[in-house]
1. In the range 126-134, is there at least one residue being over 20 Å from the mean Cα position of the chain (by Cα), away from the ligand (no atom under 16 Å from the Cβ) and over 16 Å from Gly218 (Cα atoms)?
2. What do you reckon, is Asp141 assigned by TED's automatic domain parsing to the domain that holds His39, in contact with a Lys or Arg (Cβ under 8 Å, 6 or more places away or on another chain) and of a type in the set (D, E, K, R)?
3. Among what's in the range 281-310 and is surrounded by fewer than 19 Cβ atoms within 10 Å (Cβ to Cβ) and not in a loop (DSSP other than H, G, I, E, B), pick the residue that is nearest to the ligand (Cβ to nearest atom).
4. Please verify whether the range 65-80 includes one or more residues that are within 16 Å of the ligand (Cβ to nearest atom) and not hydroxyl-bearing (Ser, Thr, Tyr).
5. Checking the condition touching a residue at least 40 places away in the same chain (Cβ under 8 Å), over 19 Å from the mean Cα position of the chain (by Cα) and not in a loop (DSSP other than H, G, I, E, B), which residue from Ile41, Ile6, Ile53 passes?
6. Among all residue pairs at least 6 apart or on different chains, which show Cβ distances below 6 Å where the first residue, located in the range 344-365, is farther than 28 Å from Ile5 by Cβ and the second is in a loop (DSSP other than H, G, I, E, B)?
7. I'd like the full set of residues that are in contact with a strand residue (DSSP E or B) (Cβ under 6 Å, 6 or more places away or on another chain) and not β-branched (Val, Ile, Thr), limited to the range 321-337.
Amino acid sequence: MDKLIIEGARKLQGEIRISGAKNAALPLIAATLLAPGWHVIHNVPDLRDTRTILVLLETLGAKWQREGSTLLINTESLNNFEASYDLVKTMRASILVLGPLLARMGKTRVSLPGGCAIGARPIDFHLQGLKIMGATLDLQDGYVTATVKKHLTGGHVYFDVPSVTGTENILMASVLAKGETVIKNAAREPEVGNLIDMLISMGAKIDGKGSDRLIIQGVKKLKPAEITTIPDRIETGTYLIAVGTAGGEATVTNCNPSHLPALTEKLRAAGLIIKESEDSIYVSRPAKVQSIDIKTQPYPGFPTDLQAQLMVLMTLANGLSVITETIFENRFMHVAELKRMGAEIKINGNSAIVKGMDQLTGARVMATDLRASASLVVAALAAHGTTEISRIYHLERGYEDMAGKLQTLGARVRREKE
Ligand code: EPU
């Protein structure tokens, strides 16, 4: 296992290039299961999670090759319809094969993901939606087996709260269903829009992209796709916050500023200078950061995946900040680690009250999940002294070459074996 050693309190300066979005690439890769043939997906980040879903596709009979950041995937001859516990336990997004496998093969057996570090994260919406579309579900031995007699049929699926992968699974199931499917209270995240673009390029009929009501007319057959993964908005946000916290000025390139409406406004309110162009964002911190309150919400609200990083910015702000997490019930695990670096944070239910102070100090800390780990890196870059972050395999699930990219901004970051 590797650890990151960061010598902090150095201003960050320069340019940093954003990779394709993990949470867009995963459903795009899963969607290749819908149509036999060679699919081409550009701008796919090389991450632990993208490698895991490719292993899963291999176990189903697909073949793939990578040329730079382009993936070529052949799903001509699928010979297995099961996603095993061993894969699902390492990455819950494996559940994304449920909808497309059922649509293409009429049968699938997928391990139930169980709880995870940030919350219970049930998949009842996915299952309920497939049931409405005519699937028979059998839950046994920790697996769900879904079968359908002839083909899935369209239906009205309503989510109590907008679920990102739930919307993606039902979308992928509905494009080959008989008749019309309506998804109400659908997730509006840009990653869902990227999947819709891919499905439409394959011949699917989908209306309502970007809205919370998606209408899908099923078609009999789809053709292989060529699609580009959107830039990673969470990686973008993480580096903007890192510069705001450590100080300095930088331009984050190859990103899509329109995908971060809540973050850029919140960072301006905190006193950072943010200048957006079509595909880059300039950030600098002219003075001490002002405290702001945030509440995580489904898109276009403030993303839960940036809550931990923003909290670090607030540890160095002027005054008190209230950060409320409404998406996941256990997403404050970074708080205990940040306190080891001198942060003053109190948790009250689903809110964290952060008292801004003058400096953080380096310490030995432990990464607990992907975004919590990113927040520790942000804290370490700003902290006085040296921070050692262990268990960085979490970071490698979602950030491509984080140490290398931060070095281009002048950060003193190195990897060492634990
Ligand atoms: N929910 C249910 N039942 C369901 C599905 C969801 O109750 O069947 C609840 C969840 O427990 C949660 C809320 O609905 O309270 C929203 O969860 P959602 O389903 O949207 O989350 P997800 O699809 O499992 C994706 C991202 C997460 C991101 C969330 C929220 C992927 C692969 N994962 O998860 O990303 O935090 O949406 O935006 O797209 C990360 O990248 O670090 C990460 C955790």
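The values are calculated or read from the model by the stated rules, or taken from the named source; none is laboratory data. Remember, it's a predicted structure, so these values are computed and weren't measured experimentally. Here the Cβ is made from the backbone with ideal geometry for all residues, glycine too, and neighbour counts use every protein chain on show.
1. Start the filter on the range 126-134 by keeping residues that are over 20 Å from the mean Cα position of the chain (by Cα), which leaves 127-134.
Now drop any that are not away from the ligand (no atom under 16 Å from the Cβ), which leaves 134.
Next cut, over 16 Å from Gly218 (Cα atoms) only: none.
Checked against the condition, which is being over 20 Å from the mean Cα position of the chain (by Cα), away from the ligand (no atom under 16 Å from the Cβ) and over 16 Å from Gly218 (Cα atoms), the range 126-134 yields no hits at all.
2. Values: assigned by TED's automatic domain parsing to the domain that holds His39: yes; in contact with a Lys or Arg (Cβ under 8 Å, 6 or more places away or on another chain): no; of a type in the set (D, E, K, R): yes.
So Asp141 does not fit the description; no.
3. For the range 281-310, the residue satisfying everything is Lys295.
4. To start, the set of residues in the range 65-80 that are within 16 Å of the ligand (Cβ to nearest atom) comprises none.
Among the residues of the range 65-80, not one is within 16 Å of the ligand (Cβ to nearest atom) and not hydroxyl-bearing (Ser, Thr, Tyr), which makes the answer no.
5. Values: Ile41 fails: over 19 Å from the mean Cα position of the chain (by Cα); Ile53 fails: over 19 Å from the mean Cα position of the chain (by Cα).
Going through Ile41, Ile6, Ile53 in turn, the sole match is Ile6.
6. As it stands, the answer is Ile347/Phe332; Asn350/Glu325, since those pairs meet every condition given.
7. So the first thing to find is which residues in the range 321-337 are in contact with a strand residue (DSSP E or B) (Cβ under 6 Å, 6 or more places away or on another chain), and the list is 321-330, 332, 335, 337.
Ser321, Glu325, Phe328, Glu329, Asn330, Phe332, Glu337 - these are the residues of the range 321-337 that are in contact with a strand residue (DSSP E or B) (Cβ under 6 Å, 6 or more places away or on another chain) and not β-branched (Val, Ile, Thr).
Quick grid of which residues meet (1) surrounded by fewer than 22 Cβ atoms within 10 Å (Cβ to Cβ); (2) within 16 Å of the ligand (Cβ to nearest atom); (3) acidic (Asp, Glu); (4) farther than 30 Å from Ala93 by Cα:
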position: Lys339; (1), (2), (3), (4): yes, no, no, yes
position: Ile347; (1), (2), (3), (4): yes, no, no, no
position: Gly356; (1), (2), (3), (4): yes, no, no, yes
position: Gln359; (1), (2), (3), (4): yes, no, no, yes
position: Thr368; (1), (2), (3), (4): yes, yes, no, no
position: Ala374; (1), (2), (3), (4): no, yes, no, no
position: Val378; (1), (2), (3), (4): no, yes, no, no
position: Ala382; (1), (2), (3), (4): no, no, no, yes
position: Gly385; (1), (2), (3), (4): yes, no, no, yes
